[in-house]
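Here the structure is laid out as structure tokens; the discussion comes afterwards.
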Amino acid sequence: MNELPPAKKNTEAKALVERLVSHLKPEAEAFCYLEKYLDLPTFVYEPGETPDFKREGVYLVTGDLELPEAVLNDLEHRQYIFVAGNLHCRELWTSGWIFVEGTLRADRVVGQSGCNNMLVCDTLVVGELIERGHSMSVLGELKAGVFYSSHGMVTSKNEATQHPETPDREVFLPELLDEEGQVDWNKWYEYIESGRRWHR
């Protein structure tokens, strides 16, 4: 890892950001709201290195990020993760900004914030996709074994396909629903932690 000083004052960081986004399609480049993060520390990772997303800042992975056994968690506030390649992990739990230039493959992806976004420029291949108020855009194909969208904030195929909200009763086991038929997220997380099946 190479840690750069705050990017607003660092021409090297600015040049790297510009290089990474220069060849993107317009709809993907428009998503790169990196400018508002450039007063933060910038962490640059080469392919093969393992990022540690425990600090605020801009995380730039200059190629593929292959961590097939890893569970990745980011921070909600003042953090931006940019992968200039494919991302492969076991699970991705995101409350922040995630940009994947290539394909994202994971057993589970959970988006859990009402104000941030995830963009996958190619294909999203995931066993379980859970959207809890987190905008998720896939410019290519979306392939999910289990799909749940609480707010209808998932789009795919160049945002031409808006995936609708999913009724809780259609996805979750009855024992995870409260009296009003809504998910008890604390109980759901207990199921996740213990490796129990939570969906129908």
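The values are calculated or read from the model by the stated rules, or taken from the named source; none is laboratory data. Predicted model only: the values in this text are computed from it and were never measured. For neighbour counting, all protein chains shown are included, and Cβ atoms are generated from backbone atoms with ideal geometry for every residue, glycine included. These accessible areas exclude ligands, DNA and RNA; they are computed on the full protein's heavy atoms, side chains included. Shrake-Rupley method; radii C 1.70, N 1.55, O 1.52, S 1.80 Å.
Annotations for the structure displayed:
- Residues (under 20 Å from Ala144 (Cα atoms) and among the polar types (S, T, N, Q)) located in region 74-112: Asn86, Thr94, Ser95, Thr103, Gln112
- Every residue from region 151-167 that is within 19 Å of Gln182 (Cα to Cα) and out of contact with any Gly (no Cβ under 6 Å at 6 or more places or on another chain): Gly152, Met153, Thr166, Pro167
Residue-wise test of (1) at pLDDT 95 or above; (2) touching a Phe, Trp or Tyr at 6+ places or on another chain (Cβ under 8 Å); (3) surrounded by 12 or more Cβ atoms within 10 Å (Cβ to Cβ).
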{"position": "Ser150", "(1), (2), (3)": "no, no, yes"}
{"position": "Glu165", "(1), (2), (3)": "no, no, yes"}
{"position": "Leu173", "(1), (2), (3)": "yes, yes, yes"}
{"position": "Gly181", "(1), (2), (3)": "no, no, no"}
{"position": "Asp184", "(1), (2), (3)": "yes, no, yes"}
{"position": "Lys187", "(1), (2), (3)": "yes, no, yes"}
{"position": "Glu190", "(1), (2), (3)": "yes, no, yes"}
{"position": "Ser194", "(1), (2), (3)": "yes, no, no"}
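- Residue within region 88-103 that is among the acidic types (Asp, Glu), in the same structural domain as Glu141 (by the TED database) and outside any strand (DSSP E or B) present: yes
- Yes/no for Ala15 being among the small types (Gly, Ala, Ser) and at pLDDT below 75: no
- Test: residue in region 34-50 that is part of a strand (DSSP E or B), open to solvent by less than 20 Å² (accessible area, probe 1.4 Å), under 25 Å from Glu128 (Cβ atoms) and of a type in the set (Phe, Trp, Tyr): no
- Residue within region 92-100 that is under 12 Å from the mean Cα position of the chain (by Cα), modelled with pLDDT of 90 or more and not hydrophobic (A, V, I, L, M, F, W, C) present: yes
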